[in-house]
Amino acid sequence: MDSLEAGRPFEFSDETRQRAREIIAKYPAGRERSALLPLLHLVQAEQGRVTPAGVAFCAEQLGLTKAEVGAVATFYTMYKRRPTGEYLVSVCTNTLCDMMGGGEVYRRLSADLGVGHDETTDDGLITLEHAECLAACDYAPVVTVNYEFYDNQSAESASDLIASLRAGQRPVPTRGAGLCTLKEMALQLAGLTDDRDGAVAAVAQGPQTLRGTLLAEEHGIAAPSYDADAPIPAAPAKEGPK
Amino acid sequence: MTAPSPAALAALTPVLTKRWSTPDAWNIDGYERLEGYLALRKALKANPDDVIALVKDSGLRGRGGAGFPTGMKWAFIPQNDGKPHYLVVNADEGEPGTCKDLPAMMNDPHALIEGVVITCYAIRANRAFIYIRGEAVHAARRVQAAIDQAYAKGYLGRDILGSGFDLEVVLHRGAGAYICGEETALLDSLEGFRGQPRLRPPFPATHGLYACPTVVNNVGTISSVPHIVLGGAAWWKQMGTEKSSGPIIYSLSGRIVNPGQYECGMGTTLRTLLELAGGMVPGHNLKFWTPGGSSTPLLTADHLDLPLDFDSVAAAGSILGTTAVQVFSDQDDVVYATYKWLEFYHHESCGKCTPCREGNYWMVKIYERILSGKGTVEDLDTLLDTCDNVLGRSFCALGDGATSPVTSSLQYFKQDYVDYIEGRTPPRLHADELVGAH
């Protein structure tokens, strides 16, 4: 396993350096350190993981020590320390998804791919991980590929999804935009706009999200009405100074 | 499926979810067509203090889990102190069971942005950050688009709508750490550090982001603000209960026919919610459920008629939390469920304080032993003793929350543990089946 110390020299591109400057400029003067999480995503966009060179790059950009950057990089799950594949497949195995079939999905994918948690297939295509709650419990069990959602999975459907990826296809997620590579996704995570046509407008949800809203509409139920033009009342004058 | 009764349907109060069914409401034209940014125009005509007073009067309580009165939080921000003020929106949704903020940001992102502008105007902040969970890329895309559109239309930036009020908003993505949903850990993370909670006091209201006065509010809280500004405090209080006013999104998941998001007046019961959601999946009988995520003590079929508002749930020994209602049946194993939750807390414990770091580590081990058929009755005492040393002794609420499923499952379902220990339930775990073990 690679460690943060065992990297080889690597030069980040001028484009990455320019992007780093733009990211840092989003934060208040003197508070540049706030850009550290985006910058760690940015170095992953070039290298697919956070390497010692990536740590050194962030440190140099922000005037921090490598130890300070390393301490942050090792804290967060989305910063990968081992090489990653083109696709990161995350299976929710938190309680609800696990009991609705997520555990079975994970075991099936692990068997299909021949890899375990945080491991990548030999061809460098797919990294598998089990994930904690992905905030989609009404769609349980869920799988994400490069963080795009595939809802209501079963061991069979997830196995088919993996087979499609291996066949060079990119199945359309249930919610969110079409798939891109993990490195391309890291650019979005760094704060760069996803300018692919239709990415923002891509399908928002399955039926679960709208159930309450549509049920109310279907039965003509509405919240109480109001007068939007009524001004905000002036608060009673405060007591004067002592 | 039989239709829900009129009484159950009457519990529905679509306010925050009202626009969700309009396909282009996420786009600024669609949003403006549906009363979008009217509340901002109205708020900018009022004195900022009057906006704070309005939110106070509405009785709005934070939707992130703690239920702190929002207007009171805003009023804690010192004024004329010469320091910059900040609003930080907590969009780091990740409490197991919780899935209300991502759909809100997907379908109605401008409601969040409009709420941000109004809130910043009220607390006199000229910079806001929206800290969104890293994995939520689909929602982040929509929120970023909404921010860009709002700038283009003059709802953000300099001299907003000619009011003289300036506001810059930055969307900031996390990197995978549940603890960053804790407000002080979130602030440390936003400052570029490991996400570990801070000692309080001082509170964020005086020493928050960059040691300046800061309001940290959940997505649901901020998205409620434009509605309150438009409808008024009295209107908001027509929904919900006296001390838990307004509508709230209940997120239903698990063994039910139609899981999903149901916005109802606060104080709606599980019985009503189940009726709206088509009932339990055939063949499944309700056994245990969380009222508001895994950090809230489990409830049982005896609590079907408990009003799900802050005070009623607290009186029943649990917490309303994030109204993440996870429903489990008699075919689900409560011991295994609790084990999986503890694995989560163990993985997500930031390691700063000993009770949470060590307590969760050892409790996971005890559960593995029990589930492997090697537990002892003493293990149950050890679990409770460990919880005693974690609850109230941890640095933040993550440790407290971890004890919730343990103590409540032992309270209601001790026999299920004993059945593993005495061999009536066959062992469930073997070393090669420890999915999620670290």
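Every number in this text was worked out from the coordinates using simple rules, so none of it is lab data. Since we're looking at a predicted model, the values are computed, not measured. Note that we place each Cβ from the backbone using ideal geometry, even for glycine, and neighbour counts take in every protein chain shown.
Under 19 Å from the Cα of B:Lys56, which aspartates and glutamates turn up, not counting those fewer than eight places away in the same chain?
Of all the aspartates and glutamates, those that pass the test against B:Lys56 - Cα under 19 Å, at least 8 places apart if same chain - are A:Glu239, B:Glu114, B:Glu242, B:Asp309, B:Asp311.
Extending each Cα 7 Å along its Cβ direction at B:Ala234 and A:Ala163, get the distance between those two points in nm, one decimal.
Placing both labels 7 Å along Cα→Cβ, they lie 6.5 nm apart.
Can you give the FRET efficiency for B:Leu384 and B:Ala10, using 1/(1 + (r/R0)^6), R0 = 45 Å, r = Cβ-Cβ distance, to the nearest 0.05? Show your work: numbers first, answer last.
Numbers: r = 42 Å, r/R0 = 0.94.
Taking R0 as 45 Å, the efficiency between B:Leu384 and B:Ala10 is 0.60.
Could you tell me which trypsin sites (Lys or Arg not before Pro) in segment A:152-233 are loop residues by DSSP with no more than 15 other beta carbons within 10 angstrom of their beta carbon?
A:Arg196
So which residue, out of A:Ala155, A:Ala67, A:Ala136, gets the largest mean-square fluctuation from a GNM of chain A using Cα contacts under 10 Å as springs?
A:Ala67
Using the scaling law 2.2 N^0.38 Å as the reference, what is the normalised Cα Rg of segment A:87-180?
Relative to the rule-of-thumb radius for its length, segment A:87-180 sits at 0.95.
Using only Cα atoms, find the angle between the long axis of helix B:137-152 and the longest principal axis of chain B, and express it within 0 to 90 degrees, rounded to the nearest 10.
10
Assigning unit charges at the beta carbon (Lys, Arg +1; Asp, Glu -1) and nothing else, what dipole magnitude in debye, to the nearest 20, does segment B:35-237 show about its Cα centre?
Around 180 debye, computed over segment B:35-237.
Which residue, B:Ala140, B:Ala177, B:Ala315, has the most motion in a Gaussian network model of chain B that connects Cα atoms within less than 10 Å?
Of the options given, B:Ala315 has the highest mean-square fluctuation.
If you take every DSSP beta bridge fully contained in chain B, what fraction is antiparallel? Give it as a percent rounded to 5.
45
Suppose R0 equals 35 Å; then what is the FRET efficiency for B:Thr300 and B:Lys243 from their Cβ-Cβ distance, rounded to the nearest 0.05?
The formula returns an efficiency of 0.90 here.
Explain nothing, just the number: relative contact order of segment A:115-242, from Cα pairs under 8 Å at least 6 residues apart, as a whole percent.
Across segment A:115-242, relative contact order equals 15 percent.
As a check on your grasp of the helix formula, calculate [θ] at 222 nm for the protein assembly as shown: sum -39500 (n - 2.57) over DSSP H runs of n ≥ 4, divide by the residue count, round to the nearest 500.
-12000 deg cm²/dmol
Starting from the 7 Å offset along Cα-to-Cβ, what nm value, one decimal, do you get for the label separation of B:Val377 and A:Lys26?
5.9
Residues in segment B:174-198, backbone N under 17 Å from the label point at A:Asp118 (7 Å along the Cα-to-beta-carbon vector): list them, ranges by number please.
B:175-179, B:195
Calculate, in nm to one decimal, what B:Ala66 and B:Ser163 gain on full extension: separation in residues at 0.36 nm each, minus their alpha carbon distance.
Residue separation times 0.36 nm, minus the Cα-Cα distance, leaves 31.5 nm.
Below 15 angstrom from the Cβ of A:Ala228, what's the summed charge of the other residues (Lys, Arg +1; Asp, Glu -1)?
Result for the neighbourhood of A:Ala228: +1.
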